[in-house]
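Step one of this worksheet: look at the structure below.
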Number of protein chains: 2
Amino acid sequence: MIRIHFQHKLDELRERLLVMAGLVEQAIDRAIEAYDNRDASLCDLVLMAEPAIDRTEREIDQLALDILAMEQPTAVDLRFILAVIRINADLERVGDQAVNIAARVKELQAIPEADLPIDIPKIAEIASTMVRMAIKAFIDRDEKASNDVLLMDDEVDKLNHDAFHTLGELIKSKPDVTQQALNALVISRNLERVGDHATNIAEDVIFWVSGADVRHHASAMTSLPDQIAEA
Amino acid sequence: MIRIHFQHKLDELRERLLVMAGLVEQAIDRAIEAYDNRDASLCDLVLMAEPAIDRTEREIDQLALDILAMEQPTAVDLRFILAVIRINADLERVGDQAVNIAARVKELQAIPEADLPIDIPKIAEIASTMVRMAIKAFIDRDEKASNDVLLMDDEVDKLNHDAFHTLGELIKSKPDVTQQALNALVISRNLERVGDHATNIAEDVIFWVSGADVRHHASAMTSLPDQIAEA
């Protein structure tokens, strides 16, 4: 009976993390759309959603603490709970990046648009897809999909690196678009950080799922107490 | 007897986290000195230290998992263990920023030095002091010092914001230093991220220490099971 209650709590933890992921995905999507369309009201929506994201983060942390305090989870459940705690923190920081982008778009509204030879929407699409894929990998306990997210991070890093050099060249030839180019550079780096957080999430999924597999390989469990290794 | 063993394990966790902090502080200090002196061999030292930092991070996570699996920690011990897990992750990311800066300094070596009207060493000093203060606050369980770290983050953010605008103006008037200015901009943002991680660490210290205080205020414990609130 206690075991069923415990399982129910773990399900609740998972569901709340998915709510958190939904809030954060919406924030980053809105921030990206705000950039594409120079839409100030979308920026405001992103800024207004931040307190709810922060509150949800704290609630999930508290629930995880409650579960850890309630009874002694097995090694696999422990790994799940720790993965949730870490994914939760990374999601909150993706939310921060959405806020950073929204704030930057509001600054951009004060200056004329410039045609820049870099593809921010493409970097944005890969970065937000990474977050979505990492969360889907979490839902599906999918180690392979998690590894795909890690590979996509190399692409975001490369695009961001290229943007840095392209914008540098552009500024030299057209100093009058410096401000627009620097803002695009910062947004590109914000998106790179979103990709970094998605990578962290994917790594946490691997940490959790490979831990679950490890249960079947006693030799890998040497650092865990015996009664847990046999659970 | 079990309780003494448990306390010993917590001490070990704390000590290993301080080793981790020492490695990371050294990495960021070396990266900053490498920038100040354009010292490629210091950059190599930073890059070579990264695997040890990553390994230490994993060992601390595993030790924390072992402790959680071993027996049922009280609410206060749980908060301590979770704070360690999160601080550990932030320290590892400070190490990543040291690597980013070192890599950027190596790129800078290929281009002539330029006299830039921003004070990177000042931003660097505040950011690295924040890391050191946050770790000291952890050692001393010092909530006030943690709050001081949060205030310093505003200063780093402001200096970074100013650097962004100053370098933008500089590039417009002197397009031939664009590359140097963009590199300085990226390093300035790397340092801002170091400040962000120090802020996260300070917040984790507050989370842990205020949790310890909460033990004496039963009304604040409603979300924890009774047997823990009374521990």
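The values are calculated or read from the model by the stated rules, or taken from the named source; none is laboratory data. Model, not experiment: these values are computed from the prediction. Note: ideal-geometry Cβ built from the backbone for every residue, glycine included; neighbour counts use all protein chains shown. When the accessible area is computed, the model is the full protein with side chains, heavy atoms only, and any ligands, DNA or RNA have been set aside. Shrake-Rupley method; radii C 1.70, N 1.55, O 1.52, S 1.80 Å.
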**OP:** Kindly check whether there is at least one residue in the stretch B:18-34 that is crowded, with 17+ Cβ neighbours inside 10 Å and under 22 Å from residue A:211 (Cβ atoms).
**Re:** yes
Subject >> Count of the stretch B:50-75 residues which are in a helix (DSSP H, G or I), crowded, with 17+ Cβ neighbours inside 10 Å and either in contact with an Asp or Glu (Cβ under 9 Å, 6 or more places away or on another chain) or within 10 Å of another protein chain (Cβ to nearest Cβ) (or both) >> reply: 14
Original post:
Would you say residue A:47 is open to solvent by 30 Å² or more (accessible area, probe 1.4 Å), away from every other protein chain (no Cβ under 14 Å) and within 30 Å of residue A:106 (Cα to Cα)?
Top reply: yes
Original post:
How about the stretch B:76-98: which of its residues are of a type in the set (Lys, Arg) and more than 8 Å from chain A (Cβ to nearest Cβ)?
Top reply: B:93
Original post:
Which one is surrounded by the most Cβ atoms within 10 Å (Cβ to Cβ), of the residues in the stretch B:85-97 that are modelled with pLDDT of 95 or more and of a type in the set (Val, Ile, Thr)?
Top reply: B:94
Subject >> Those residues of the stretch A:135-146 which are surrounded by 15 or more Cβ atoms within 10 Å (Cβ to Cβ) and not aromatic (Phe, Trp, Tyr), in sequence order >> reply: A:135, A:136, A:137, A:142, A:143, A:145, A:146
Original post:
Only one residue in A:115, A:162, A:154 is acidic (Asp, Glu), outside any helix (DSSP H, G or I) and open to solvent by 10 Å² or more (accessible area, probe 1.4 Å), so which one is that?
Top reply: A:115
Original post:
If residue B:188 satisfies every condition in (1) of a type in the set (S, T, N, Q); (2) open to solvent by less than 10 Å² (accessible area, probe 1.4 Å); (3) at the interface with another protein chain (Cβ under 10 Å from one of its Cβ atoms) but one, which is the exception?
Top reply: (3)
**OP:** Tell me which residues, restricted to the stretch A:10-56, are under 24 Å from residue A:85 (Cα atoms) and among the charged types (D, E, K, R).
**Re:** A:11, A:12, A:14, A:15, A:16, A:25, A:29, A:50, A:54, A:55
